[in-house]
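**Student:** I am attaching a structure below and will ask some questions about it afterwards.
The values are calculated or read from the model by the stated rules, or taken from the named source; none is laboratory data. Remember, predicted model here, so these are calculated numbers, not experimental data. FYI the Cβ positions are ideal-geometry reconstructions off the backbone, even for glycines, and counts take in every protein chain you see. Accessible surface is based on the protein model in full, side chains and every heavy atom, while ligands, DNA and RNA are left aside. Shrake-Rupley method; radii C 1.70, N 1.55, O 1.52, S 1.80 Å.
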Amino acid sequence: AQKVTQAQTEISVVEKEDVTLDCVYETRDTTYYLFWYKQPPSGELVFLIRRNSFDEQNEISGRYSWNFQKSTSSFNFTITASQVVDSAVYFCAFDRGSTLGRLYFGRGTQLTVWP
Amino acid sequence: DGGITQSPKYLFRKEGQNVTLSCEQNLNHDAMYWYRQDPGQGLRLIYYSQIVNDFQKGDIAEGYSVSREKKESFPLTVTSAQKNPTAFYLCASSSYRTGGPNQPQHFGDGTRLSIL
């Protein structure tokens, strides 16, 4: 069975600090896809990034960066120089890629950035 | 603008009552999904549909029903059999069927359902 674990339930930082959100997944599949979504207080989920299992290159987008390591089954997300607007719940999700496009979500990490 | 519209934003259900949550998309996506979110639980899949007139149960389908008569619409009915319906419900869509499994899901703003 597929499983996504986000061990950090809540994280609080002060503005301008760097913060890393952890995501660990379990699967026996060789082809799969990983996603990060942001859920601001308004409630809708906003897509941030996707990664397939064959692409282990790290990615940077502005203040956001992602570290994908198959050896440790991890797909961690780092926000550099955090801002108050980064406060949200962040979800890591897994897609088996084999059928039907359904996602398996972690329980989410509530990030609070204080001014 | 293209997107997903969920209505109503807030909904109250009386004991023994069925209620229907609306989800409409104008993204021309074939696939649509319903999730339930409880505090600290993440998102759990209720039902999903890959094509009109076809849908599959997710992990927590008991007490819920859906229909997919039109590509744009995927309403969710919370029946009286669902004994603990209080939650935040999110609808999503994707172009998975045509674009492949790495297509992200696009989400609506959600409906918050409470029991009176």
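**Student:** Can you give me the C-alpha center-to-center distance between the range B:56-90 and the range A:32-53, rounded to a whole angstrom?
**Tutor:** About 22 Å separates the Cα centre of the range B:56-90 from the one of the range A:32-53.
**Student:** Sticking with this structure for a sec: Taking the simple approach of a point 7 Å from Cα along Cα-to-Cβ for both A:T20 and A:S87, what is their distance in nm?
**Tutor:** 2.5
**Student:** Continuing with the same structure: Using the charge dipole of chain A (Lys, Arg: +1 at Cβ; Asp, Glu: -1 at Cβ; taken about the Cα centre), state which of A:V13, A:G106, A:G43 has its Cα farthest towards the positive end.
**Tutor:** The listed residue farthest towards the positive side: A:G106.
**Student:** For A:T80 paired with A:E56, estimate the spin-label separation in nm (one decimal), with each label point 7 Å from Cα along the Cα-to-Cβ line.
**Tutor:** Taking the simple label geometry, A:T80 and A:E56 are separated by 2.3 nm.
**Student:** Please state, rounded to one decimal and in Å, the Kirkwood hydrodynamic radius that the protein assembly as shown gives when every pair of distinct Cα atoms enters the mean of 1/r.
**Tutor:** In the protein assembly as shown this quantity evaluates to 18.2 Å.
**Student:** Right, here's the next one. Which is the longest part of chain A that has none of the trypsin sites (Lys or Arg not before Pro) sitting in a DSSP loop with at most 12 other Cβ atoms within 10 Å?
**Tutor:** Longest stretch, sites excluded: A:29-115.
**Student:** With a 1.4 Å probe and all protein chains kept in place, how much accessible area does A:E10 have, in Å² rounded to the nearest 10?
**Tutor:** 140
**Student:** Using the structure shown, list the pairs from B:K14/B:K57; A:K16/B:K9; A:K70/B:K71; B:K9/B:K71 with a Cα-Cα distance above 27 Å, or answer none.
**Tutor:** Violating the 27 Å limit, Cα to Cα: A:K16/B:K9; A:K70/B:K71.
**Student:** OK, next. To the nearest 10 square angstrom, what accessible area does B:E69 show with a 1.4 Å probe?
**Tutor:** Spelled out: B:E69, probe radius 1.4 Å, area about 150 Å².
**Student:** Name the longest site-free stretch of chain B, where the excluded sites are trypsin sites (Lys or Arg not before Pro) in a DSSP loop with no more than 12 other beta-carbon atoms within 10 Å.
**Tutor:** Free of exposed loop sites, the longest segment is B:15-82.
**Student:** At a 1.4 Å probe radius, which order do B:E15, A:E17 fall into by accessible area, largest first?
**Tutor:** The ordering from most to least exposed comes out as B:E15, A:E17.
**Student:** A follow-up question, please. At 7 Å along the Cα-to-beta-carbon direction for both B:T77 and A:S73, put a label point, then send me their distance in nm to one decimal.
**Tutor:** Modelled inter-label distance: 4.0 nm.
**Student:** Can you give the local net charge around A:S61? Use residues other than it whose beta-carbon is closer than 14 angstrom to its beta-carbon, Lys and Arg +1, Asp and Glu -1.
**Tutor:** Around A:S61, the charge tally is +2.
**Student:** Where in the range A:53-115 are there chymotrypsin sites (Phe, Trp or Tyr not before Pro) that are in a DSSP coil and have at most 12 other Cβ atoms within 10 angstrom of their Cβ?
**Tutor:** When the chymotrypsin sites (Phe, Trp or Tyr not before Pro) of the range A:53-115 are filtered for loop state and at most 12 Cβ neighbours within 10 Å, A:F54 remain.
**Student:** What does the charge count around B:G58 come to, taking other residues whose C-beta lies under 15 Å from its C-beta (Lys +1, Arg +1, Asp -1, Glu -1)?
**Tutor:** +1
**Student:** A further question on this structure: What is the magnitude of the charge dipole of the protein assembly as shown about its Cα centre, with +1 placed on the Cβ of each Lys and Arg, -1 on the Cβ of each Asp and Glu, and no other charges, expressed in debye to the nearest 20?
**Tutor:** Here the size comes out at about 540 debye.
**Student:** Checking an interface number: how much accessible area is buried between B and A, summed over both chains, with a 1.4 Å probe, in Å² rounded to 100?
**Tutor:** 1900
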